[in-house]
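Data first, discussion second: the structure below is written as structure tokens.
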Amino acid sequence: MRDVAILELKEVTKKFGGLTAVDSVDLKVGENQICALIGPNGAGKTTVFNMITGAYQVTSGDVIFCGESICGKKPHEIVKLGIARTFQNIRLFKSASVLENVMTGFHCKTKTGMFNVVFRPGMCRREEAETRQKALEILKFLGLDNVKDNEAGSIPYGHQRLLEIGRALATSPKLLLLDEPAAGMNSQEKKELVETIRKIRDTYNLAVLLVEHDMELVMGISENITVINFGRRIADGTAEEIQNNNDVIEAYLGRSED
Amino acid sequence: MAKKTNKKSLLAKIVIIAAIIIIIPFLTPNMYIMQIVNMIGIYIILGIGINVLTGFTGQLSLGQAAFFGIGAYVTAIMNTRGGMQFLACLIGSMVITGIVGAVLAVPALKVKGSYLALLTMGFGEIIRIVMINWTPVTNGTAGILEIESPVIFGFSFDTLTKFYFLIMVFVILGILYEDILIKTRTGRAFVAIREDNEAAELTGINVTTYKIRAFVLSAVYSGIAGCLYAMMIKYVSPDTFVNNTSNIILWTAIVGGFGTVVGPIFGGIIMQVLPEVLRFLGDWRLVIYGVILLIVILRFPGGVYPYIEKFIDRIRRRKKSDAAGGKG
């Protein structure tokens, strides 16, 4: 059952007034697959992400996650169903500590409320200790455990990117959306990132969909690549197929005039 | 760290705090000063209340006096007209301010930043005008007189000194509750909303309901303060719950320690003691008061508490390093 899609976009369209940002795009992410969504600047990749996470409503079409339509659901509900994301420009809770950032990610998996801190203190303490323990495990996994008490905004850029992934992992996602995870990284860090993404997929048993401009990284890691340009899907396939696709070459390099 | 030393230091803390609380009334020379001390207590409750909403959740409120006033009026009305005792009035004040907090949250959810500040300020004005004009209920500008002292299980808190201990109970409970809550999932959700609204939502936090919770919680704190105020002063009138009071509440949190649990203790002391100490300046009093506050926030951005904490930390570390022979 390798072909079972965990996420499926069916002719998804997004219009902002008269502008069609995304035009009937199809996309499939299989279980445990690492997929990529690529395209030139302004092609509509981030808009697609925003529709998957519920930040934008789709104009037409359908987004299906685990066999269920998630159109019209609120972003926090979609997170609870199992889709987590990171951001192109890092958006951590900067003045909270590294550990607290990850612990915040456990929000939808925990229950402590405003009243049972008084009426069920034992349960709350247990849940708190458990959350801390699990958060520390994630930090250890990402190699961030030595900076756990630092302010999130004060750690190095590459670490902040990892921390965002950590916060996303805390929501125990079935699908992880990475928005340009390699932006601002040097080639050594990129190599490590590829390893980390694979390791995350295998350890946490999830699917990954990434938007990325670094072609070497995308080609090296993705099992399936979807290319969009001007809001339309122009190609879909393995790295090799994409590299030899004329439309893709044209979109990136322009049409030859001879 | 070993659990034993933790428990020991906790016990030491409790003893020190209890000693300070018990000693204060013996050090106050007269009832005038006792009343100021009690007002500090009430403003501490107001300060920790606004800190939930503004300090932790990042929703600027310039209308806290409205919740304070509603709490005071509910108690005044329940006591003088309904003949109800302290605990019933307290619960009444908490429930009504909580509901009003939730109602205010609905329009407040749609705006942020300076617009939210204006909206809450407008809300404060509306409540003040209602207090003045809804004469059959609020007795208009004349206010409500002859509120009784609180009686709990036959014990009457009829002097300011007795009242002081009642206020301290609520200050301690208020601080303890916030301290516990802020370290749980709810507190982390508040902070996440303050830091990045959208990222909070995409981390699985229902931003809408948590903002409402912050509004309700801060309103309830103000309602408790209002109830205590009404029963201490025995008189409520719209003059008390003006815009200036909202500002002082906000300043109590800012000067003491924005987004800290115990900061408002220091804010309350500074905001209440300073104008009294400066009385010798006559007409210049409020000018100098304002200047000093400005200097405080410029010198201690984020409030004085974080600096006090750092200072204590440094001393403690020095002691420890002395004891451990220079390690750490």
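The values are calculated or read from the model by the stated rules, or taken from the named source; none is laboratory data. Computed from a predicted structure; not experimentally measured. Every residue, glycine among them, receives a Cβ derived from its backbone with ideal geometry; neighbour counts consider all protein chains shown. These area figures cover heavy atoms from the full protein model, side chains too; ligands, DNA and RNA do not enter into them. Shrake-Rupley method; radii C 1.70, N 1.55, O 1.52, S 1.80 Å.
Exactly one of these conditions fails for A:SER172: (1) within 13 Å of chain B (Cβ to nearest Cβ); (2) more than 25 Å from A:MET51 (Cβ to Cβ). Give me its number.
The one condition A:SER172 does not meet is (2).
Would you mind stating whether B:VAL95 is surrounded by fewer than 18 Cβ atoms within 10 Å (Cβ to Cβ), touching a helix residue (DSSP H, G or I) at 6+ places or on another chain (Cβ under 9 Å) and under 17 Å from B:ILE45 (Cα atoms)? If you could, list the steps in order and put the result at the bottom.
Numbers: surrounded by fewer than 18 Cβ atoms within 10 Å (Cβ to Cβ): yes; touching a helix residue (DSSP H, G or I) at 6+ places or on another chain (Cβ under 9 Å): yes; under 17 Å from B:ILE45 (Cα atoms): yes.
In short, yes.
Would you tally the residues in segment B:160-206 being part of a helix (DSSP H, G or I) and either facing chain A (nearest Cβ under 7 Å) or open to solvent by 20 Å² or more (accessible area, probe 1.4 Å) (or both)? Outline the logic, then answer.
To start, the set of residues in segment B:160-206 that are part of a helix (DSSP H, G or I) comprises B:160-182, B:185-195, B:197-201.
Next cut, either facing chain A (nearest Cβ under 7 Å) or open to solvent by 20 Å² or more (accessible area, probe 1.4 Å) (or both) only: B:160-162, B:165, B:168-170, B:172-173, B:175-177, B:179-182, B:185-186, B:188-189, B:191-192, B:194-195, B:197-199, B:201.
Within segment B:160-206, residues that are part of a helix (DSSP H, G or I) and either facing chain A (nearest Cβ under 7 Å) or open to solvent by 20 Å² or more (accessible area, probe 1.4 Å) (or both) number 28.
Consider segment A:160-187. How many of its residues are assigned to a helix (DSSP H, G or I) and touching a residue at least 24 places away in the same chain (Cβ under 8 Å)? Before the answer, list the steps.
We begin by selecting, within segment A:160-187, every residue assigned to a helix (DSSP H, G or I); these are A:160-170, A:187.
Those left that are additionally touching a residue at least 24 places away in the same chain (Cβ under 8 Å): A:160-170.
Of the residues in that region, 11 qualify.
Which one of these does B:MET84 not meet: (1) open to solvent by less than 10 Å² (accessible area, probe 1.4 Å); (2) part of a loop (DSSP other than H, G, I, E, B)?
Here B:MET84 clears every test but (1).
Looking only at segment A:188-210, decide whether some residue is free of Cβ contacts under 8 Å to residues at least 60 places away in the same chain, open to solvent by less than 80 Å² (accessible area, probe 1.4 Å), closer than 18 Å to A:ILE38 by Cα and more than 17 Å from the chain's Cα centre (by Cα).
no
Just wondering, is there one or more residues in segment B:41-53 that are in contact (Cβ under 8 Å) with a residue 12 or more places away in the chain and open to solvent by 60 Å² or more (accessible area, probe 1.4 Å)?
Among the residues of segment B:41-53, not one is in contact (Cβ under 8 Å) with a residue 12 or more places away in the chain and open to solvent by 60 Å² or more (accessible area, probe 1.4 Å), which makes the answer no.
For residues in segment A:71-89 being open to solvent by less than 30 Å² (accessible area, probe 1.4 Å) and not in a strand (DSSP E or B), which is nearest to A:VAL29 (Cα to Cα)? Spell out how you get there, then give the answer.
The initial filter retains those residues of segment A:71-89 that are open to solvent by less than 30 Å² (accessible area, probe 1.4 Å), namely A:75-76, A:78-79, A:82-87.
Then keep just the ones that are not in a strand (DSSP E or B); that gives A:75-76, A:78-79, A:82, A:86-87.
On the way: A:PRO75: 19, A:HIS76: 21, A:ILE78: 16, A:VAL79: 17, A:GLY82: 14, A:THR86: 17, A:PHE87: 19 Å.
Once the filter is applied, the top-ranked residue is A:GLY82.
Counting only residues that are touching an Asp or Glu at 6+ places or on another chain (Cβ under 7 Å) and at the interface with chain B (Cβ under 7 Å from one of its Cβ atoms), which one in segment A:99-116 is most open to solvent (accessible area, probe 1.4 Å)?
Going through the qualifying residues, I end up with A:THR110.
In this structure, is A:ILE34 in contact (Cβ under 8 Å) with a residue 60 or more places away in the chain and either within 14 Å of chain B (Cβ to nearest Cβ) or surrounded by fewer than 22 Cβ atoms within 10 Å (Cβ to Cβ) (or both)? Give the derivation first.
Numbers: in contact (Cβ under 8 Å) with a residue 60 or more places away in the chain: yes; either within 14 Å of chain B (Cβ to nearest Cβ) or surrounded by fewer than 22 Cβ atoms within 10 Å (Cβ to Cβ) (or both): no.
In short, no.
Check A:ARG125 against each of (1) more than 8 Å from every other protein chain (Cβ to nearest Cβ); (2) of a type in the set (Lys, Arg); (3) open to solvent by less than 20 Å² (accessible area, probe 1.4 Å) and name the one condition it does not meet.
(3)
For segment A:81-98, name all the residues that are under 15 Å from A:ASN150 (Cβ atoms) and at the interface with chain B (Cβ under 7 Å from one of its Cβ atoms).
A:PHE93, A:LYS94, A:SER95, A:ALA96, listed by residue number.
I'd like to check something: does segment A:156-164 contain any residue that is within 11 Å of A:TYR204 (Cβ to Cβ) and either open to solvent by less than 40 Å² (accessible area, probe 1.4 Å) or within 18 Å of the chain's Cα centre (by Cα) (or both)?
Filtering segment A:156-164 down to residues within 11 Å of A:TYR204 (Cβ to Cβ) leaves none.
No: zero hits.
Restrict the check to segment A:165-180 and report whether at least one residue is farther than 25 Å from A:GLU31 by Cα and open to solvent by 30 Å² or more (accessible area, probe 1.4 Å).
Taking segment A:165-180 as the starting set, the residues that turn out to be farther than 25 Å from A:GLU31 by Cα are none.
No; the residues of segment A:165-180 include none that is farther than 25 Å from A:GLU31 by Cα and open to solvent by 30 Å² or more (accessible area, probe 1.4 Å).
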